[in-house]
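What follows is a set of notes on a single structure, which appears directly below.
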Amino acid sequence: MNQTTTTAPASAAYEPRAYRQLIAGQWVEAEAGRTFDDFNPYSSELFARIPAASAADTQRAIDAADEAFPAWAAMGARARQAIFLAAATVLERRADEVVLLLALETGCAAPFARFQIQWAAGLLRQAAGYPYLPGGEIVASDTPGVFAMAVRRPLGVVAGISPWNGSLALGFRTVVAPLAAGNTVVLKPSEDAPVCAGLLMGEVFHEAGLPPGVLNVVTHAPGEVGPVADRLFDSPKVRAYNFTGSSATGAQLAARAGAKLKRIALELGGYNPMLVLADADLAYAVDTAVFAAFFHQGQICMNTRKILVHRSLYAAFLDRFVERTSPLRAGDPADPATRLGPLINDRALARVQQGIDDAVARGARRLTGNAPRGRCVDPTVLVDVPPDAPIHCEELFGPVVLVEPFDDEQEALARANATPYGLSASVMTTDVWHGVQLGAQVQAGMVNVNGPTMGGEPQIPFGGVKDSGWARFGRWAIDMFSDLNLVTVSQAKRQYPL
Ligand code: NAD
C-alpha cells in the first residue's frame, strides 16, 4: 500500500461539526431539525452532530433521485466521466482531513485510512471509464431483415446501504457502480459512520459537480433505521438495492427486496481461512497471517479468522506468530504512530470479549491478548478452540484468530469449508500450482495463493459465495445495476401467419 504522507493531523484541534443531509442538491436539516450525537469510539467525545432522518426525509430523497434520473441517464459519457475524475481529485485533495475523520469517527488508524483513500480514488478513476464501455451487443436474428440489439439501460433509483467498517471505501463502493451505470442513488450510511460512510460521499460528489438529486444521503439515529428502511423497501420508485453489511441483515433485506421482486446486491460477512501447507515459507506465512488477521483490529470482512497449519510447521509457526503478535497494541487512531485502533462501539467490545471468554471457558488457550483498555482490544491468538464454541465457525469481527494444526490437506479443506460463509481464503505454499488446485476447492469467492485473505483492488470481481452474498464488484457491477433490454428493427415489411 502506498502512503502519500506519513503523518495524520492532530485530533486536538478538531471541533465537532453539525452536518446536514444531502437531498436534491441541497444540504438540509432533518424534519423538525432532529439530530443525534456521533461519538469518537476511542475517546467517547462528541465527533459530530448528525441529522436524524424521518420517513418523510427519506421520501424526499427518493423523490429527488427519481426526478433526477432521466437527465442523468441521458447525460453524455464525457460529462459523466469528468464528474468521476473530479471526485477522485477532490477526495485526494482532502486526504489528510479524511484520515482524521476516519480516525475520529470510526477508530481507523492511518495505514488503513490511507489505503481506503487510495482505493476509493482508484475506484472513481476506473468508474470514469464505465460510461465509455460498450452499451450493448448486436444479436443475430433468424428473421430476415431484422436487426436485433441487446442494450444496457440503467434501472432508475438505487438505494445504497453501507456499513461502518471500511466506511470510506465501502461508502464509495455503495454508490459508484450504480451511478456509473446511469442510476440515481439514495445512500443510507451506517449510524456508526454517517459521515465517513455517507455524508462524505455526498460532499465529494457535490463539489465534483454531480447534478442535484443524482446522489442523496439520508442519515438516521441509532435504533431508528425502521422508518427509513420501510420507505426504501416499500417505495415503487426504488428499483434495486446495494447492500454491504452483516449476513443476518442481508438475509432480512433480501427477503424484503424479494417480496417486491426487486434485485439486491449483497456483500456480507466472512469467516476466512488461511491454509499453511507443509512446504510454506514459514516467516512469510507468519507475516501474512499477522497482517491478515489483525489489520483494522479484525474489523474487515476479509480478515483471516482461522489459520490451519500443517502439523510439521505448527509449533514453529505458533512460536513465531505469538512473538510477532504479542507486542501489538491497540491505541489512539489519531496518533500517526498507531497501527491498530479501538473497536467501533460497546456492542462490538462486548461481543468480542464474550466470544473470547466463551471459548476459554470451553477449554481454549489464549496465547496473546490483554484485558481491554476502553474499547481497545489487543490482538488475541487462540488455540485448542473446541468445535462447539460459536467462534469456531462464526464471525466475531474483532482482533481474534484461531490457529489449528492439520495432518492431511483434505481434512484441512473440509475444516476450511465448515462455515456458513464463503468470502475469502488464502493458501500458503511454495508449490504454486498445487496451491491453485487446492484453493479451487475452498468454498470462497476469492482465493489468494501466497497472499492475505485481506486485500482487494477496485477492479477485481470482489464478492463471496454462500452466506457471504452474491454481488460482484469491479466492472461486473455494471451488470448488477443495469437491465439488458432487447431492441429490434425490422428493415423490411414482415410476413405474418395471421
Ligand atoms: P450491519 O448489518 O449491522 O449494518 C450494515 C448496514 O445495514 C448499516 O447501514 C445498518 O444501518 C443497516 N441496517 C441494519 N439493519 C437494517 C434494517 N433492518 N433495515 C435496513 N438497513 C439496516 O453490519 P455492520 O455492523 O455495519 O458491518 C459489519 C458486517 O458487514 C460484518 O459482518 C462484515 O463482515 C460485513 N461486511 C462485508 C463486506 C463485504 O464486502 N463482503 C464489507 C464490509 C463489511
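The values are calculated or read from the model by the stated rules, or taken from the named source; none is laboratory data. Because the structure is a prediction, the values reported are computed rather than measured. Don't worry about glycine lacking a Cβ; one is built from the backbone with ideal geometry, like all the others, and counts go over all protein chains shown. Surface accessibility is based on the protein's heavy atoms, side chains included, excluding ligands, DNA and RNA. Shrake-Rupley method; radii C 1.70, N 1.55, O 1.52, S 1.80 Å.
Quick rundown of the values:
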| item | result |
| --- | --- |
| All strands (runs of 3 or more DSSP E) inside the stretch 200-282 with 1 or more residues being among the charged types (D, E, K, R), assigned by TED's automatic domain parsing to the domain that holds VAL157 and more than 19 Å from the chain's Cα centre (by Cα) | 238-244 |
| Positions within the stretch 389-414 being in a loop (DSSP other than H, G, I, E, B) and in contact with a Gly (Cβ under 9 Å, 6 or more places away or on another chain), in sequence order | ALA389, GLU394, GLU395, LEU396, PHE397, GLY398, PRO399 |
| Residues being open to solvent by 10 Å² or more (accessible area, probe 1.4 Å) and small (Gly, Ala, Ser) - total across the stretch 191-220 | 2 |
| Residues satisfying the stated conditions in the stretch 238-294, i.e. among the aromatic types (Phe, Trp, Tyr) and more than 23 Å from PRO390 (Cβ to Cβ) | TYR241, PHE243, TYR284, PHE291 |
| The stretch 12-36, residues that are among the charged types (D, E, K, R) and in contact with a Phe, Trp or Tyr (Cβ under 8 Å, 6 or more places away or on another chain) | ARG20 |
| Residue in the stretch 407-419 that is within 16 Å of the ligand (Cβ to nearest atom) and either touching a Leu at 6+ places or on another chain (Cβ under 8 Å) or open to solvent by 50 Å² or more (accessible area, probe 1.4 Å) (or both) present | no |
| Some residue of the stretch 192-199 being among the aliphatic types (A, V, I, L, M), within 19 Å of the chain's Cα centre (by Cα) and either more than 15 Å from the ligand (Cβ to nearest atom) or at positive phi (or both) | no |
| Single residue of the stretch 117-152 satisfying the filter (closer than 30 Å to ARG94 by Cβ and aromatic (Phe, Trp, Tyr)) that is nearest to the chain's Cα centre (by Cα) | TRP119 |
| Complete set of residues in the stretch 440-473 that are without any contact (Cβ under 8 Å) to a residue 60 or more places away in the chain and either outside any strand (DSSP E or B) or touching an Asp or Glu at 6+ places or on another chain (Cβ under 8 Å) (or both) | ALA440, GLN441, GLN443, GLY445, ILE460, PRO461, VAL465, LYS466, ARG472 |
| For ALA103: the one exception among (1) within 16 Å of the ligand (Cβ to nearest atom); (2) over 19 Å from MET480 (Cα atoms) | (1) |
| Residue selected from the stretch 260-269 under the condition touching a helix residue (DSSP H, G or I) at 6+ places or on another chain (Cβ under 8 Å) and open to solvent by 20 Å² or more (accessible area, probe 1.4 Å), by the criterion farthest from ARG231 (Cα to Cα) | ARG263 |
| In the stretch 343-380, the residues that are open to solvent by less than 10 Å² (accessible area, probe 1.4 Å) and part of a helix (DSSP H, G or I) | ALA348, VAL352, GLY355, ILE356, ALA359 |
| Answer from VAL276, VAL225 - the residue that is β-branched (Val, Ile, Thr), farther than 19 Å from ASN183 by Cβ and in contact with a His (Cβ under 8 Å, 6 or more places away or on another chain) | VAL276 |
| Inter-residue pairs, beta-carbon under 6 Å, first not assigned by TED's automatic domain parsing to the domain that holds TYR132 and in the stretch 151-180, second of a type in the set (Phe, Trp, Tyr) and within 13 Å of the ligand (Cβ to nearest atom), 6+ apart | none |
| Selected residue (criterion: farthest from the ligand (Cβ to nearest atom)) from residues of the stretch 248-259 that are of a type outside the set (A, V, I, L, M) and open to solvent by 20 Å² or more (accessible area, probe 1.4 Å) | GLY258 |
| Residue pairs meeting the criteria (Cβ under 8 Å; at least 6 apart or on separate chains; first free of Cβ contacts under 8 Å to residues at least 24 places away in the same chain, in the stretch 400-419; second among the hydroxyl-bearing types (Ser, Thr, Tyr)) | none |
| Test: residue in the stretch 287-297 that is closer than 17 Å to GLU409 by Cα and either not assigned by TED's automatic domain parsing to the domain that holds ALA444 or not acidic (Asp, Glu) (or both) | no |
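Yes or no, residue by residue, for (1) over 30 Å from LEU46 (Cβ atoms); (2) open to solvent by 10 Å² or more (accessible area, probe 1.4 Å); (3) not assigned by TED's automatic domain parsing to the domain that holds GLN299:
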position	(1), (2), (3)
GLN81	yes, yes, yes
ALA88	yes, no, yes
LEU102	no, no, yes
CYS108	no, no, yes
GLY136	yes, yes, yes
